[in-house]
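Asks: Just passing along the structure, written as structure tokens.
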Amino acid sequence: MKRLRLATVAVLAAALVYIPLAYAGGIYEQYPGGTAPTGVETFAADTNLSGGRNPQTGKSTFQQMGVGATQYSTPLTGATTTVAAATRQVLIEPAGTIAAHTLVLPAASALQDGQKLGFCTTQVVTTLTVTAGSGTTVMNAPTAMLVPVATGAASCVTWQYYAATTKWYRIQ
């Protein structure tokens, strides 16, 4: 009987050590299997508030951290690129100069405060139309994109979304 009690206590002790690690905060929840990230996941971040003040943890998104997917295309003149909500960078690589291109930004309902969006082209775009997504406004959108011939580098602009005003502000 005494051996049975000791064995039971040992099993319970092992379970009590393991269960909080496995389920409270979730080892299993931290590493989901089978699905690729979509770009709209959230994660916990330390707020660094002093003296133990709450909240000690906040929820953030990858978009708020300036991370996200790259959308790539090789458009022809007159094409439209519609930007997906979790996109961080749009890169177009046309075969040569294109006369016109339209860039359609995501709707406000799909955006995160502080999210950044870059647009780059490897070729000259003579006429660029930047269309704000539903419920947003784009500030200082370029109407053309020039590529430095000497360096051959892509020409880029970057906006940052501010939810309080529902505006994309050009920051580069």
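The values are calculated or read from the model by the stated rules, or taken from the named source; none is laboratory data. These numbers come from a predicted model, not from an experiment. When we count neighbours, we look across all protein chains shown, and the Cβ atoms used for this are built from the backbone with ideal geometry, even at glycine.
Asks: Any residue that is over 16 Å from Ile171 (Cβ atoms) and assigned to a loop (DSSP other than H, G, I, E, B) - is there at least one of those in the stretch 112-119?
Replies: So in the stretch 112-119, the residues over 16 Å from Ile171 (Cβ atoms) come out as none.
Scanning the stretch 112-119, I find no residue that is over 16 Å from Ile171 (Cβ atoms) and assigned to a loop (DSSP other than H, G, I, E, B), so the answer is no.
Asks: Can you pull out every residue in the stretch 145-168 that is of a type outside the set (A, V, I, L, M, F, W, C) and assigned to a loop (DSSP other than H, G, I, E, B)?
Replies: The answer is Pro148, Thr151, Gly152, Thr165, Thr166.
Asks: Test Gly135 against the criterion of being exposed (fewer than 14 other Cβ atoms within 10 Å of the Cβ), more than 30 Å from Lys59 (Cα to Cα) and not polar (S, T, N, Q), and give yes or no.
Replies: No, not satisfied.
Asks: Residues that are under 16 Å from Arg170 (Cα atoms) and surrounded by fewer than 14 Cβ atoms within 10 Å (Cβ to Cβ): does the stretch 141-148 have at least one? It would help to see each step written out before you state the result.
Replies: Going residue by residue through the stretch 141-148, those that are under 16 Å from Arg170 (Cα atoms) are 141-145.
Next cut, surrounded by fewer than 14 Cβ atoms within 10 Å (Cβ to Cβ) only: 143-144.
For the stretch 141-148, residues under 16 Å from Arg170 (Cα atoms) and surrounded by fewer than 14 Cβ atoms within 10 Å (Cβ to Cβ): present.
Asks: Can you find a residue in the stretch 104-119 that is over 30 Å from Lys59 (Cα atoms), in the same structural domain as Cys156 (by TED's automatic domain parsing) and touching a residue at least 12 places away in the same chain (Cβ under 8 Å)?
Replies: No; the residues of the stretch 104-119 include none that is over 30 Å from Lys59 (Cα atoms), in the same structural domain as Cys156 (by TED's automatic domain parsing) and touching a residue at least 12 places away in the same chain (Cβ under 8 Å).
Asks: Which condition breaks for Gly96 when tested against (1) in a loop (DSSP other than H, G, I, E, B); (2) surrounded by 15 or more Cβ atoms within 10 Å (Cβ to Cβ)?
Replies: Failed condition: (2).
Asks: Gln123 versus (1) surrounded by 13 or more Cβ atoms within 10 Å (Cβ to Cβ); (2) without any contact (Cβ under 8 Å) to a residue 24 or more places away in the chain: which is the lone unmet condition?
Replies: Here Gln123 clears every test but (2).
Asks: Is it the case that the stretch 123-139 has a residue that's farther than 30 Å from Thr42 by Cβ and in contact with a Gly (Cβ under 8 Å, 6 or more places away or on another chain)? Outline the logic, then answer.
Replies: Quick first cut of the stretch 123-139, residues farther than 30 Å from Thr42 by Cβ only: 123-129.
Filter once more, keeping what is in contact with a Gly (Cβ under 8 Å, 6 or more places away or on another chain): 123.
Yes, that holds for at least one residue.
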